[in-house]
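Following: one structure in structure tokens, then a few remarks.
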Amino acid sequence: MPDKPHAIKGRMPLLIGLLTVVLAMMWALGQCSHRRDAVFAQADKKADGDTMTVAIEMSPLLYQRKGDSISGLDYEIVRMLSEMHGKPVKFRPFVPLHFALDGLSSGKFDVVIAALPATERTRREYNMTDAVYTGRQALVQLRDSSGRAHITSQEQLAGHHVWIVEKSPYADRLKNLGAELGDTIYVHSLPEYSAEHLCLLTASGEIERAVVDEKTARRLAADYPMLDVSVPVSFNQFQSWAVGGPALRDSLNVWLDEFRRTSAYDSLLVRYGQR
């Protein structure tokens, strides 16, 4: 199957229209979710500016809602930090990364939690916390009829098209990888689409391959066995949070340093497959 970036663009109005409905439903669910927990219910009532507004990406690893329950590694870490330090928190689940990063720059959000490795560029553009945990990027592609993947190493990406989340720092890694290989890796993104959407588009054959966070890819591949996520595209990198200002970043670093020493942190990493 040839690469087909233009075919996706031709269906963009329909895809974005469907996504708009989904986003509206997820936003409504996100709004309702705050009021089921006392800590976050208090956050909605506060007006003294002490509430920390956290934009958190909806993904199988960071934040997801099933029925009346909310789970996610980063969600649970923030919740525990909030309770430990008496810091009211208001969650704002999001899908498109650019929406959250623009909100961080404008002061709408205090913290953005997404698949954001602490790279030279992200540290230059944002106040990044110390490592919350480590992770790496993986290639997502369809298996053929015999169950094999077309691309079996990152070196074989030369000359191929790859899709990533808009404004993702993964673009830098793919650009550098192309330079190392002496060829171009053609990088595309779709506005309003998350890593999870890109995996589903790959599973349906709409796009040939995507690069997303490995843990997100593996969790989705458990439900879509036709996906191959075995090819890493980076070494392990520190996964950090982007913060609106240095004072809050420094406070979060102290809290994270304390929390990483606890058994609760170790238990969360085991539960979410980080160890």
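The values are calculated or read from the model by the stated rules, or taken from the named source; none is laboratory data. Computed from a prediction, not measured in an experiment: that's the story for all the values here. For neighbour counting, all protein chains shown are included, and Cβ atoms are generated from backbone atoms with ideal geometry for every residue, glycine included. Surface accessibility is based on the protein's heavy atoms, side chains included, excluding ligands, DNA and RNA. Shrake-Rupley method; radii C 1.70, N 1.55, O 1.52, S 1.80 Å.
If you go through region 104-124 one residue at a time, how many are over 30 Å from residue 227 (Cβ atoms) and either free of Cβ contacts under 8 Å to residues at least 60 places away in the same chain or in contact with a Ser or Thr (Cβ under 7 Å, 6 or more places away or on another chain) (or both)?
Looking only at that region, the number is 8.
Would you check which residues across region 211-224 are farther than 21 Å from residue 134 by Cβ and either touching a residue at least 60 places away in the same chain (Cβ under 8 Å) or hydroxyl-bearing (Ser, Thr, Tyr) (or both) and list them?
224
Got a sec? Which of 196, 208, 214 is at pLDDT 90 or above and in contact with a Ser or Thr (Cβ under 6 Å, 6 or more places away or on another chain)?
196
Take residue 168 and tell me if it is hydroxyl-bearing (Ser, Thr, Tyr) and crowded, with 17+ Cβ neighbours inside 10 Å.
yes
For region 158-183, how many residues are closer than 21 Å to residue 119 by Cβ and in a strand (DSSP E or B)?
Residues flagged as closer than 21 Å to residue 119 by Cβ and in a strand (DSSP E or B) within region 158-183 amount to 3.
Select from region 229-256 the residues that are touching a residue at least 60 places away in the same chain (Cβ under 8 Å), part of a helix (DSSP H, G or I) and farther than 12 Å from residue 77 by Cα and list them in ascending order.
246, 248, 249, 253
Give the residues of region 123-141 that are over 10 Å from residue 237 (Cβ atoms) and either among the β-branched types (Val, Ile, Thr) or not in a loop (DSSP other than H, G, I, E, B) (or both), sorted by residue number.
123, 124, 125, 127, 128, 129, 132, 133, 138, 139, 140, 141
Can you tell me which residue within region 184-228, out of those that are in a strand (DSSP E or B), among the hydrophobic types (A, V, I, L, M, F, W, C) and more than 16 Å from the chain's Cα centre (by Cα), is nearest to residue 154 (Cα to Cα)?
That would be 187.
Mind counting the residues in region 60-94 that are touching a residue at least 40 places away in the same chain (Cβ under 8 Å), assigned to a helix (DSSP H, G or I) and either farther than 17 Å from residue 133 by Cα or open to solvent by 10 Å² or more (accessible area, probe 1.4 Å) (or both)?
Here the count works out to 7.
When both residues are 6+ apart or on different chains and their Cβ atoms are under 6 Å apart, which pairs have a first residue that lies in region 125-150 and is farther than 30 Å from residue 248 by Cα, and a second that is small (Gly, Ala, Ser)?
138/217; 140/210; 140/217; 141/149; 143/149
Any residue in region 171-185 that is in contact (Cβ under 8 Å) with a residue 40 or more places away in the chain and closer than 13 Å to residue 120 by Cα sitting within a Cβ distance under 7 Å of a residue that is outside any helix (DSSP H, G or I) and polar (S, T, N, Q)? List the pairs, counting only those 6 or more apart or interchain.
Close Cβ pairs satisfying both conditions: 172/119; 173/137; 173/234.
Just one of (1) touching a Phe, Trp or Tyr at 6+ places or on another chain (Cβ under 8 Å); (2) open to solvent by less than 10 Å² (accessible area, probe 1.4 Å) trips up residue 194, so point out which.
(1)
Residue 261 passes all but one of (1) under 16 Å from residue 130 (Cβ atoms); (2) open to solvent by less than 50 Å² (accessible area, probe 1.4 Å); which number fails?
All conditions pass for residue 261, except number (2).
Working carefully through the options 145, 105, find the one that is closer than 26 Å to residue 72 by Cα, of a type in the set (Ser, Thr, Tyr), more than 16 Å from the chain's Cα centre (by Cα) and open to solvent by 10 Å² or more (accessible area, probe 1.4 Å).
Unique residue meeting the criteria: 105.
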